[in-house]
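First the structure, in the form of structure tokens, and then the observations on it.
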Amino acid sequence: MTAPEAATGAPETPPAPESLLAAPDQATQAQIRDEIVAIEEAHARALADGTYEGGRTLLDYPPYRSSILRHPTKSPKQIDPETIELTSPAFGQRDVAAIEADLTLQHAGEPLGERIVVRGRVLDGWGRPVRQQLVEVWQANAAGRYIHKRDQHPAPLDPNFTGAGRTITDDDGWYEFTTIKPGPYPWRNHRNAWRPAHIHFSVFGSAFTQRIITQMYFPGDPLFPLDPIYQSIPDQRDRDRLVATYDHDLTEPEFKLGYRWDIVLTGAERTWTEPEGGEH
Amino acid sequence: MIVSTPEGTPVPSTAGQTIGPFFGFGLPYQGGNEVAHPWSPGAIVLSGTIRQGNGDPIPDAMIEIWQADSDGSVPTARGSLHRDGHAFTGFGRTGTTDDGRYLFWTRNPGATEPGKAPFIAVALFSRGLPDKLHTRIYLPDDEAALAADPVLASLTDAERATLIAVRTADGGLQHDIHLQGEKETVFFAY
Ligand SMILES: [Fe+2]
């Protein structure tokens, strides 16, 4: 973590961060699944009677135990964005080295696992490309282990894999990463909790209000119905949008398997203008 | 999913997901909290604590800020990731410490239009938070501009107080964010 210690320290001694990762009640998977189904059914009823108010990810989602104390209890206030919120930080090719888009080349040797390419476009709400913007990814290795110091999963680290990458979209909104397919991993939300394999994505749009952090999943994962993070999106159509598509045309013979995944940002509040010249 | 609808047709957006606990090796970067170089003229410290519903500090949140320069202009300098030591990029990112604290070096933003109340735009992420949150950090100094701000005017006094920073003795800004609880910060949707 890069944040320096603040000058005025808080007097309390907070618990060690890794000790917070286990939910205190340690419910069974069956209990968690029952809670998931109950929320899903309530969502289906709200859709049917027209009372669903939108908001595709539920902030108040108790099956994800650590959200209980960390979601706002009041609905967000709907406001009109102002100047600064309608613009976005500028990133350019100078910010990112080309090699950062290939997570298999960051060490002396080859990482273990199934080599894949993930390619897709970043679009706005009108299907227009988001050009020259930053896309960042981070993920576990093939064994489901993060290099992060708070990850206690007793699976091996891979000395040839860090699992973080960056790129800038091209003028048609395309990004591409070469990496290793991450493994599923256990966590302590409830007993025998496992996350489906996923890659974390962080994306900027042309307005700061379009900022998004999300997760990309792989098709057909048997852990989907059991996972309270994937399920914190109550609508199946919205969940499906987080799942990559296998693309045999993108697969390279005897080298890597291809997945396609497009990311669509909210709205398009600002009138589209051609980006000014400059760095490419 | 692959989007196959033609350009110009509305497309449903991708839903957000939690940042999770393990972003620390992927997202924070060197100098990420130095929106302005600490030794540059006009540099101030903006800091505070991010807390959850029971008042405990959150040691695994990430906060991003985006703001105008002191003259109210919107920064267009590249290099938000690759700090060159002098450009004011207007963008900062930092994780919270084990005490739930964040700290940025920045400048006071100016009003982007005459008479507007200057504020810093915030995007907030945390383990346990299923999607991002947006809020604002208003400067406390120009009371007339704050009184005229339509967003602040639509709030109760207690809600309004959650959006306005405190000026510290050394000219910096102190601002806590509460995800839940009695002092729950006001968050925005656009
Ligand atoms: Fe993860």
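The values are calculated or read from the model by the stated rules, or taken from the named source; none is laboratory data. The structure displayed is predicted, hence computed values, not measured ones. A quick note on method: Cβ atoms are made from the backbone with ideal geometry, for glycine too, and the neighbour counts reach across all protein chains shown. Just the protein is used for accessible areas: all its heavy atoms, side chains included, with ligands, DNA and RNA removed. Shrake-Rupley method; radii C 1.70, N 1.55, O 1.52, S 1.80 Å.
I'd like the interface area for chains B and A: accessible area of each alone minus the complex, both sides summed, 1.4 Å probe, protein heavy atoms only. What is it in Å² to the nearest 100?
8700
Sort out the exposed loop GluC sites (Glu not before Pro) in chain A (DSSP loop, at most 15 other Cβ within 10 Å) and tell me the longest stretch that has none. Maximal segment without exposed cleavage sites: A:115-253. Enclosing the Cα atoms of the protein assembly as shown in their convex hull gives a volume equal to 154 cubic angstrom per residue. Shielding by partners for peptide B:25-31, expressed as the average number of C-beta atoms from other protein chains within 10 Å of each residue's C-beta, is 6. Counting only other chain Cβ atoms within 10 Å of each residue's Cβ, the peptide A:207-218 averages 6. Other residues whose C-beta falls under 15 angstrom from the C-beta of A:Ala38 contribute a net charge of -3, scoring Lys and Arg +1 and Asp and Glu -1.
Evaluated over the protein assembly as shown, the count of Lys pairs having alpha-carbon atoms less than 25 Å apart is 9 (only pairs 8 or more residues apart or interchain). Return the loop-located GluC sites (Glu not before Pro) in the range B:146-190 (DSSP other than H, G, I, E, B) with at most 16 other Cβ atoms within 10 Å of their own Cβ; answer none if there are none. Counting only loop positions with at most 16 other Cβ atoms within 10 Å, the GluC sites (Glu not before Pro) in the range B:146-190 are B:Glu182.
Of all the options A:Gly50, A:Gly205, A:Gly125, the one that moves most in a Gaussian network model of chain A with Cα springs shorter than 10 angstrom is A:Gly50. According to the calculation over all Cα-Cα pairs in the range B:44-178, the P(r) per 5 Å bin from zero is 2, 10, 19, 22, 21, 16, 8, 3, 0 %. The residues of the protein assembly as shown expose, per residue, 41 Å² of accessible area to a 1.4 Å probe. Surface composition of the range A:66-201: carbon and sulfur atoms hold 54% of the protein heavy-atom accessible area at a 1.4 Å probe. Between the residues B:Trp66, B:Leu146, B:Gly48, the greatest Cα displacement towards the positive end of the dipole of the range B:44-178, with unit charges on the Cβ of Lys, Arg, Asp and Glu, is found for B:Trp66.
Can you give the mean number of other chain Cβ atoms that lie within 10 Å of the Cβ atoms in peptide A:231-240?
Counting other chains' Cβ atoms within 10 Å and averaging over A:231-240 gives 2.
Tell me, which longest segment in chain A has none of the chymotrypsin sites (Phe, Trp or Tyr not before Pro) that fall in DSSP loops with at most 13 further Cβ atoms within 10 Å? By the stated rule (loop sites, at most 13 other Cβ atoms within 10 Å), A:1-254. Each other residue within a Cβ distance under 15 Å of A:Ala193 adds +1 if Lys or Arg and -1 if Asp or Glu, for a net charge of 0. When all alpha carbon pairs of chain A are counted in 10 Å bins from zero, the resulting P(r) reads 6, 23, 32, 28, 10, 1 %.
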